[in-house]
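Data block below; observations after.
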Amino acid sequence: MNIDAQLVEKAKTGDRDSFAALYELVQDDLYKYALYSLGNVHDAEDVVAETFLEAFRGIPKLREAEAFRGWIFKILSIRIKRRISRYVKEKNQLQIEDFYSDPALRFEGMDETAIARTDLLQALSSLSAQERMILSLSVLYGYTTKQISQMLRCPHGTVSSKLHRSLQKLKKQMEER
């Protein structure tokens, strides 16, 4: 789905209707990505709303209209990182690394599905933020590597190789478990 450059240019001048139309084009993908990253409906809604407000205030500074999708996803991923940091600080939760350090904690009372999911989460946590984003956009949302490279403003070859390496890393880690 292409973002209309004219909508972006109008939104940059303060046209609220144009910004609302842009937001409509990306809101579902923003929400899905936030929900996948945070695992909580309320927090996903919150970070998407925060992203919307920050993007509305910052859109006049956006240099290239074609960069809108990647730019708003970058804002969202920063908001997600902040929310995760807040989880850890406020709730004093165990880090997944702590969970894995004690094998007794890992298997006591866990069914195979929970173990597999925990293994996958651990494997995903070994990827960089950019690798996780590329993987999510490709696998979960069905974007092509060309579309992802446009969204993230990265060379197509870089996105293709990072996607391939990320999948190989996950495969290797899951086989070792």
Is one or more of the residues making up the range 76-88 over 16 Å from the mean Cα position of the chain (by Cα), at pLDDT below 90 and of a type in the set (Gly, Ala, Ser)?
-> no
Options Lys10, Lys32: the member that is of a type in the set (Lys, Arg) and at pLDDT below 90 = Lys32
2 or more residues out of contact with any strand residue (DSSP E or B) (no Cβ under 6 Å at 6 or more places or on another chain), of a type in the set (Asp, Glu) and at pLDDT 70 or above: qualifying helices (runs of 4 or more DSSP H) within the range 103-177 | 156-176
State the number of residues belonging to the range 35-51 that are of a type in the set (Gly, Ala, Ser) and outside any helix (DSSP H, G or I).
-> 1
Lys61 passes all but one of the listed conditions (1) within 21 Å of Cys154 (Cβ to Cβ); (2) touching a helix residue (DSSP H, G or I) at 6+ places or on another chain (Cβ under 8 Å); the exception is number (2)
Odd one out for Ala67, checked against (1) under 30 Å from Leu124 (Cα atoms); (2) in contact (Cβ under 8 Å) with a residue 12 or more places away in the chain; (3) in contact with a helix residue (DSSP H, G or I) (Cβ under 7 Å, 6 or more places away or on another chain) = (3)
Pairs with Cβ under 7 Å, 6+ apart, first in the range 38-54 and within 13 Å of Ile75 (Cα to Cα), second outside any helix (DSSP H, G or I) | none
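The values are calculated or read from the model by the stated rules, or taken from the named source; none is laboratory data. Just so it is clear, the structure is predicted and the values come from calculations on it, not from any experiment. Counting neighbours? That spans all protein chains shown, and the Cβs are built from the backbone with ideal geometry, glycine included.
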